[in-house]
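Report on the structure given below.
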Amino acid sequence: MVLVYPSLRITFKLKEPLDCLLNKGRVYTIRPFAVREGIKRVIDGRTNKVVAIASVTKVGRVYLSRMAVKVQDKYISLSNFVEFSGFNSLEEWIVALYKVTNNTKDAKLYLYEVELLKKIKNRE
């Protein structure tokens, strides 16, 4: 398999979800804006270094008032995604979300699945 170095990127500001991706091979991440799906470079926002190549897929729109994500026409509890969020609980995940996003109450939030394709060796 030939892996092309992608021009698109996704940045993780928090250690927990990035570690989840690198250690478990997958992470669910909530973003306050729409992200283009596809193959991307994974950036550690703390060091600004490329640490991996991953596939990013939109799961659905997040509604914090329901603590759910809307997939097609069904609402699915966000608690179903906590195991691969990098956090120990839904509450911990939401608190972290509020810390890294501005004005989350009014933002349109989206849940994405990020699947690890390749770790970049010189990530330190």
Inset, instruction - Check off (1) under 17 Å from LEU14 (Cβ atoms); (2) modelled with pLDDT of 95 or more for ARG46 and give me the number that stays unchecked. - result: (2)
Legend entry - Pairs with Cβ under 8 Å, 6+ apart, first in region 5-24 and in contact (Cβ under 8 Å) with a residue 12 or more places away in the chain, second hydrophobic (A, V, I, L, M, F, W, C) and in a helix (DSSP H, G or I): PHE12/LEU18; PHE12/LEU21; LYS13/VAL100; LEU14/ALA96; LEU14/VAL100; GLU16/ALA96; CYS20/PHE84; LYS24/PHE84
Legend entry - Criterion: open to solvent by 30 Å² or more (accessible area, probe 1.4 Å) and under 10 Å from the mean Cα position of the chain (by Cα) - qualifying residue of THR29, THR11: THR11
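The values are calculated or read from the model by the stated rules, or taken from the named source; none is laboratory data. The structure displayed is predicted, hence computed values, not measured ones. For neighbour counting, all protein chains shown are included, and Cβ atoms are generated from backbone atoms with ideal geometry for every residue, glycine included. To get the accessible areas, we keep the full protein, side chains included, count just its heavy atoms, and leave off ligands, DNA and RNA. Shrake-Rupley method; radii C 1.70, N 1.55, O 1.52, S 1.80 Å.
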